Amino acid sequence: MTTTDVKRPPRILSIDALRGLVMLLMLVDHVREFFYLHAQVRDPMDLAATPPDLFLTRASSHLCAPLFILLTGLSASLYGQKHGPRATAAFLLKRGLLLILLEVTLVNVAWAGSFWPPILYLQVIWVIGLCMVALAALLWLPRVLLVTGALALMLGHNLLDGLVLQVGEPGYVLWSILHQRGMIALPWGGVARTSYPLLPWIGVIAAGYALGPLFTGAVNETRRRAWLAGLGAAALVAFLVLRALNGYGEPVPWQPGRTPLATALSFVNLTKYPPSADFLLLTLGLGLCLLTLFEVVPARLVGWLCVFGGAPLFFYLLHLALLRLLYDGAATVGLVGASGRVEAGSPAALWLIAAAVSIPLWVACRSMVRLKRSGRWPALSYL
């Protein structure tokens with residue numbers, strides 16, 4: 001019997017579809033990072049200077065990191081159901097270290113367009129890698145402790161906001177990795193920017209791992225959907241209550257605006273670095289509701305999303321390479337604006353560029369998914 005004759009376990013459509021959706025939203029945001037930096041936004045965004053269409057374009061990407069990390073934890077739990085905790089911990093450790101290596105090499109080269117960028121950005125691939133390494137240790141905990149720890153990290157880390165260390169103070173480097181964004185001096189003279197502080201993201205991946213038992217044969221589809229919808233609704237209600245109180249949970253208070261739209265945008269204008277408790281309640285609540293929806297949507301309607309979701313790391317590396325080639329090519333032929341950068345004309349243009357780039361990405365991901373499922377090259381499971 002050849003490897004292609006082995007019956008491989010079916011993938012869960014709703015998980016791949018949700019992962020594919022957030023990857024496409026990420027693509028839009030990364031198009032913005034390449035082609036709209038002449039109108040860069042802060043975090044949270046300055047509503048006086050950010051038009052609603054740019055705000056909504058940027059805000060749509062806020063679903064990406066929380067849901068991708070949640071699904072990473074959930075996928076690790078599903079892997080563990082087939083292979084056991086020891087093999088799962090080993091897989092998480094190896095893949096996590098691979099992601100960290102990719103962040104400081106290929107990913108930074110793609111973003112900077114240089115093999116020696118002046119600033120080494122430690123972003124989402126870095127933090128996913130660290131989260132996987134952390135989960136390799138945490139998965140041995142009893143489930144009640146895992147859930148308690150996840151909730152404490154996600155919802156309680158804002159209690160640490162007042163602890164801000166300065167360069168040179170004891171613990172600055174570690175704290176810049178764990179909870180505050182900072183610049184870390186590197187031995188060869190460069191600096192590293194910790195864009196995604198780690199602590200709350202460990203809570204997110206642990207929460208995803210804790211969802212795994214809902215996807216076992218012991219839980220029927222109706223019960224699973226009820227749990228997912230209930231958890232999503234509970235998170236959204238908690239967000240509405242906590243945000244309305246305008247106190248703990250988000251460092252930047254919301255303010256009534258001149259119009260209902262301005263008020264609504266202020267209400268959902270949340271801190272991502274590190275993700276506030278309100279940010280995680282809103283994004284994860286919406287994500288769980290979307291996961292519930294994808295549980296009932298016919299496969300023929302979301303199969304195209306599953307193609308993207310079936311090869312996430314391959315998609316990530318390839319989309320950065322394509323955007324770098326597209327940007328550099330446009331700059332080479334002189335399509336440079338007043339800012340000295342290649343500029344998209346509007347936020348709507350960003351969605352059109354992303355839609356165009358998604359076509360070759362879909363073709364490439366479809367081929368990669370087929371290769372992965374053939375079982376011929378086991379190492380492709382890391383993609």
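Here are the numbers for the structure shown:
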| item | result |
| --- | --- |
| Single residue of Val104, Val127, Val41, Val28 found to be open to solvent by 10 Å² or more (accessible area, probe 1.4 Å), under 29 Å from Ala207 (Cα atoms) and among the β-branched types (Val, Ile, Thr) | Val104 |
| Members of the range 332-373 found to be hydroxyl-bearing (Ser, Thr, Tyr) and more than 26 Å from Ile125 (Cβ to Cβ), listed by number | Thr332, Ser339, Ser346 |
| Some residue of the range 57-80 being among the basic types (Lys, Arg) and over 23 Å from Leu211 (Cα atoms) | yes |
| Close pairs from the range 226-253: first at positive phi and in a loop (DSSP other than H, G, I, E, B), partner at pLDDT 95 or above and surrounded by 13 or more Cβ atoms within 10 Å (Cβ to Cβ), Cβ under 7 Å, at least 6 apart | Asn246/Trp254; Gly249/Asn158; Gly249/Leu242; Gly249/Arg243; Gly249/Ser276; Gly249/Ala277; Gly249/Asp278 |
| Pairs, first farther than 18 Å from Ile202 by Cβ in the range 267-280, second of a type in the set (Asp, Glu), C-beta under 7 Å, six or more apart | Leu270/Glu250; Leu270/Asp278; Asp278/Glu250 |
| Residues of the range 130-167 satisfying the condition of being open to solvent by less than 50 Å² (accessible area, probe 1.4 Å), in contact (Cβ under 8 Å) with a residue 60 or more places away in the chain and in a loop (DSSP other than H, G, I, E, B) | Leu139 |
| One residue from Leu63, Leu99 being within 22 Å of Val31 (Cβ to Cβ) and touching a Gly at 6+ places or on another chain (Cβ under 8 Å) | Leu63 |
| Given (1) closer than 20 Å to Gln123 by Cα; (2) surrounded by 15 or more Cβ atoms within 10 Å (Cβ to Cβ); (3) in contact (Cβ under 8 Å) with a residue 60 or more places away in the chain, index of the condition Ala321 fails | (2) |
| Only listed residue being in contact with a Lys or Arg (Cβ under 9 Å, 6 or more places away or on another chain), under 25 Å from Ala65 (Cβ atoms) and at pLDDT 95 or above, chosen from Leu293, Leu270, Leu280 | Leu270 |
| Test: residue in the range 139-150 that is farther than 18 Å from His30 by Cα, touching a helix residue (DSSP H, G or I) at 6+ places or on another chain (Cβ under 8 Å) and among the β-branched types (Val, Ile, Thr) | yes |
| Matching helices (runs of 4 or more DSSP H) fully within the range 1-116 where at least 3 residues are within 30 Å of Pro253 (Cα to Cα) | 13-35, 52-60, 64-83 |
| Any hit, the range 259-272, residues being of a type in the set (Gly, Ala, Ser), in contact with a strand residue (DSSP E or B) (Cβ under 9 Å, 6 or more places away or on another chain) and surrounded by 13 or more Cβ atoms within 10 Å (Cβ to Cβ) | no |
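The values are calculated or read from the model by the stated rules, or taken from the named source; none is laboratory data. A quick note: this is a predicted structure, and the numbers were derived from the prediction, not measured. Don't worry about glycine lacking a Cβ; one is built from the backbone with ideal geometry, like all the others, and counts go over all protein chains shown. Heads up: the accessible areas ignore ligands, DNA and RNA and are worked out on the full protein's heavy atoms, side chains in. Shrake-Rupley method; radii C 1.70, N 1.55, O 1.52, S 1.80 Å.
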